[in-house]
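Structure first, commentary second.
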Amino acid sequence: MTAFLVVTLLALVAGGGLLIVWREHRPLFARALAGTLLLALLAATYAWWASHGYSVTGDSDVVRLDGMTLTPVAGSYRLAGSARNARGDVAVSAVQVHLRVEYCNGTACTTHLEMERPLVISLPPGEARPFSLAFPGRGAIPPGELRWQATAGAARTFRPAVR
């Protein structure tokens, strides 16, 4: 809501500046008017988006990752598997995927990569979809046994329209 108010205030200030521009430079007035209309459209779009039930949840129980494989590819990693929406009341449009890659020699393990990437995916309530996501590598792959863990984090959810 705060962003909507800021954008609206900026549009009003720009609109006041239009009156000054119109008196001096009428051709420039048309460009300034187009800019103000664009700002008003952006404010209206944000207001619509904010009022239609989109939310970001930190709950890791919204999306479950299944059947995962991790493949080293040319200095990076490709994570593939299936993402399942574990809730029956909301749809998911994106989820943060956290990947930790370690290489172990005997008893000592070295973390080679730990990062989060957004996965943009459409998951209706209770359904699953396959996915593939690339993670950039961090230099040369060290010797040792590859161990990894991938988890789903914060998800962007919304309540689907009832028809």
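The values are calculated or read from the model by the stated rules, or taken from the named source; none is laboratory data. It should be emphasised that the depicted structure is a prediction, and the values quoted were computed from it without experimental measurement. Backbone-built Cβ (ideal geometry, glycine too); neighbour counts: all protein chains shown.
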Report summary line: Inside segment 107-132, the number of residues satisfying the requirement of being touching a residue at least 60 places away in the same chain (Cβ under 8 Å) and closer than 14 Å to MET68 by Cβ is 1
Query raised in the report: Somewhere in segment 116-124, is a residue surrounded by fewer than 13 Cβ atoms within 10 Å (Cβ to Cβ) and either of a type in the set (A, V, I, L, M, F, W, C) or closer than 20 Å to ALA74 by Cβ (or both)?
Result: yes
Requested in this report: Filter segment 87-113 down to residues that are exposed (fewer than 14 other Cβ atoms within 10 Å of the Cβ) and charged (D, E, K, R), then give me how many there are.
Outcome: 1
Report task. For segment 73-163, please list each of the strands (runs of 3 or more DSSP E) lying entirely inside it that holds at least 1 residues being modelled with pLDDT under 90. Result -> 76-85, 91-105, 108-123, 145-158
